[in-house]
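Colleague: Sharing a structure with you now.
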Amino acid sequence: MEKKHYKKLSLLLLLTYFSLLFTACWDYKDIEDRALILSFGVDTPVPDRIRLDAEIAEFRPMSAQQTTYNITHFFGEGSNFDKARENLQVKTKGPLSNGPATAVIVSERLAQSDLFEDYLNRANRQYDLRKTVNLLISKRAPSDLMQLSTKSNTSIGFFVENNIQSLFKDTHIDISLANVITESRIKDLAVLIPTIDVVEGKPQYIGLGVIKDLKLIDIIDAADSNGVLFLMSPKTPLVLTLADPKSPANVLTFSTLVKKHKIKTSWENEKAVINVFLSVDASLTFQYKLQRKSSEDINELKYVLSNYIKKMITESINKSQQNYKVDIFEFVKHFKAQNPIQYRQIEWGKVYPEAEINVDVNVNITDKNAMEYENKDKLDKR
């Protein structure tokens, strides 16, 4: 386990230990006698069958002053969630404790079924489950992820906390259980949930799951999600690559950041009109073939990059209107705030697929070090 992960886990478990130590409960148990869940998975291997998988920290004393732990994978199955948890409980040492849990991983097949709504309702009522826990979808059974992680005594929950959570830290995509429960109940709004899989033997983020009416209807591949992220992640830098318009064999890499993000809505001719304006700063970080760029070349790059970003966003919007027929960008929140009277008179679910959505993108290239004449001359002399 990496040192920083070990420190985080140790701190979390120590906090759990002291909370138990200073709580005057008649059923108090030492930390060694409790099954501390670090993350757990929810799956339906066959219809009408529930499987719960859990990564549990098992403590054992090394000396009078020192305690160590192992991460062990347990699972329980049953005809419903309660039966599955009971089966899980009898296999573990001591009562189950959800307090340290950092991630809940739901299988793709469960998210596509009615059981997903049932699970969210159950999770919302669990007093010992923190609602800030991260919720993800897994392309494969969560047991595969947990068996993989326990081989190296690391937690899949800490992968979520350190990798997935950081990807969406400054975005409008809130992956907490509480947000998914709340947003899923907003009529005519879809929820986006990060999806993971095992790639080359390691857990990896692969895209965004689209939840409509409390069911998974699609997974947007990570490679196709930039159009969504430009609208949902205005404070997160995104890396784009495209061919040089003057030299198509040369590939340019830009680091982009949305500096201004404005959405204006109105109701015109019995139709919702949504105008999206983005001002984007772009820095050319790399070009495969170092080539000189004149001011005219840079202006052309601004134009090409603006259209490139606009095309990605427009394609994502068209897919939400034509394929999903549901708002995945939270446009409804802007329309409701800007047109409260009209909003009460319409059904957004029927209006959104026919809405007129206009996108305007203005790119400003801020760092030209990788393309200026003098920089090229210096590099040539090395």
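Listed here are the residues, each with its yes/no results for (1) within 30 Å of residue 259 (Cβ to Cβ); (2) open to solvent by 10 Å² or more (accessible area, probe 1.4 Å).
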{"position": "76", "(1), (2)": "no, no"}
{"position": "84", "(1), (2)": "no, no"}
{"position": "94", "(1), (2)": "no, yes"}
{"position": "124", "(1), (2)": "no, yes"}
{"position": "161", "(1), (2)": "yes, yes"}
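Colleague: From the set of residues in the stretch 288-312 that are closer than 21 Å to residue 225 by Cα, open to solvent by less than 80 Å² (accessible area, probe 1.4 Å) and of a type outside the set (Ser, Thr, Tyr), which is nearest to the chain's Cα centre (by Cα)?
Modeller: Out of the qualifying residues, it is 312.
Colleague: Is there any pair linking a residue in the stretch 279-293 that is part of a loop (DSSP other than H, G, I, E, B) to one that is surrounded by fewer than 17 Cβ atoms within 10 Å (Cβ to Cβ) and hydroxyl-bearing (Ser, Thr, Tyr), with Cβ under 6 Å and at least six apart or on different chains, and which?
Modeller: 292/373
Colleague: Sticking with this one: Search the stretch 242-257 for residues that are touching a residue at least 12 places away in the same chain (Cβ under 8 Å) and more than 10 Å from residue 304 (Cβ to Cβ) and pair each with any residue that is among the polar types (S, T, N, Q) and surrounded by 15 or more Cβ atoms within 10 Å (Cβ to Cβ) when their beta-carbon atoms are under 6 Å apart and the residues are at least 6 apart or on different chains.
Modeller: 250/287; 255/283
Colleague: Here is a follow-up. Would you say residue 195 is in contact (Cβ under 8 Å) with a residue 40 or more places away in the chain, surrounded by 15 or more Cβ atoms within 10 Å (Cβ to Cβ) and either basic (Lys, Arg) or in a loop (DSSP other than H, G, I, E, B) (or both)?
Modeller: Working: in contact (Cβ under 8 Å) with a residue 40 or more places away in the chain: yes; surrounded by 15 or more Cβ atoms within 10 Å (Cβ to Cβ): yes; either basic (Lys, Arg) or in a loop (DSSP other than H, G, I, E, B) (or both): no.
Spelling it out, it is not the case that residue 195 is in contact (Cβ under 8 Å) with a residue 40 or more places away in the chain, surrounded by 15 or more Cβ atoms within 10 Å (Cβ to Cβ) and either basic (Lys, Arg) or in a loop (DSSP other than H, G, I, E, B) (or both).
Colleague: Separate question: Could you check the stretch 67-98 and list, in sequence order, the residues that are closer than 17 Å to residue 45 by Cβ and aliphatic (A, V, I, L, M)?
Modeller: Answer for the stretch 67-98, where residues must be closer than 17 Å to residue 45 by Cβ and aliphatic (A, V, I, L, M): 84, 88.
Colleague: Give me a count of the residues in the stretch 266-287 that are of a type outside the set (A, V, I, L, M, F, W, C), open to solvent by 50 Å² or more (accessible area, probe 1.4 Å) and under 31 Å from the mean Cα position of the chain (by Cα).
Modeller: Adding up the residues that qualify gives 2.
Colleague: Looking at (1) in contact with a helix residue (DSSP H, G or I) (Cβ under 6 Å, 6 or more places away or on another chain); (2) open to solvent by 40 Å² or more (accessible area, probe 1.4 Å), which is the one condition that is false for residue 189?
Modeller: In the conditions (1) in contact with a helix residue (DSSP H, G or I) (Cβ under 6 Å, 6 or more places away or on another chain); (2) open to solvent by 40 Å² or more (accessible area, probe 1.4 Å), residue 189 misses (2) alone.
Colleague: Taking residue 206, is it in contact with a helix residue (DSSP H, G or I) (Cβ under 7 Å, 6 or more places away or on another chain), outside any loop (DSSP other than H, G, I, E, B) and either open to solvent by 20 Å² or more (accessible area, probe 1.4 Å) or touching a residue at least 40 places away in the same chain (Cβ under 8 Å) (or both)?
Modeller: Yes: the conditions hold for residue 206.
Colleague: Another question, then. What single numbered condition from (1) surrounded by fewer than 13 Cβ atoms within 10 Å (Cβ to Cβ); (2) assigned to a loop (DSSP other than H, G, I, E, B); (3) at pLDDT below 80 fails to hold for residue 11?
Modeller: If we test residue 11 against (1) surrounded by fewer than 13 Cβ atoms within 10 Å (Cβ to Cβ); (2) assigned to a loop (DSSP other than H, G, I, E, B); (3) at pLDDT below 80, just (2) comes out false.
Colleague: Identify, from the list 196, 263, 211, 274, the residue that is more than 19 Å from residue 333 (Cβ to Cβ) and aliphatic (A, V, I, L, M). It would help to see each step written out before you state the result.
Modeller: On the way: 263 fails: more than 19 Å from residue 333 (Cβ to Cβ); 211 fails: more than 19 Å from residue 333 (Cβ to Cβ); 274 fails: more than 19 Å from residue 333 (Cβ to Cβ).
It is 196.
Colleague: Moving to a separate point now. Restricting attention to the stretch 313-349, and to residues there that are part of a helix (DSSP H, G or I) and hydrophobic (A, V, I, L, M, F, W, C), which single residue is farthest from the chain's Cα centre (by Cα)?
Modeller: Ranking the candidates gives 341 first.
Colleague: While we're looking at this one, here's another question. Could you grab me the full set of residues in the stretch 142-159 that are open to solvent by 20 Å² or more (accessible area, probe 1.4 Å) and closer than 19 Å to residue 76 by Cα?
Modeller: 144, 147, 148, 150 - these are the residues of the stretch 142-159 that are open to solvent by 20 Å² or more (accessible area, probe 1.4 Å) and closer than 19 Å to residue 76 by Cα.
The values are calculated or read from the model by the stated rules, or taken from the named source; none is laboratory data. Just so it is clear, the structure is predicted and the values come from calculations on it, not from any experiment. Glycine gets a Cβ as well: all are built from the backbone with ideal geometry, and neighbour counts include every protein chain shown. Each accessible area value is taken on the protein alone, full model and side chains, heavy atoms only, with ligands, DNA and RNA left out. Shrake-Rupley method; radii C 1.70, N 1.55, O 1.52, S 1.80 Å.
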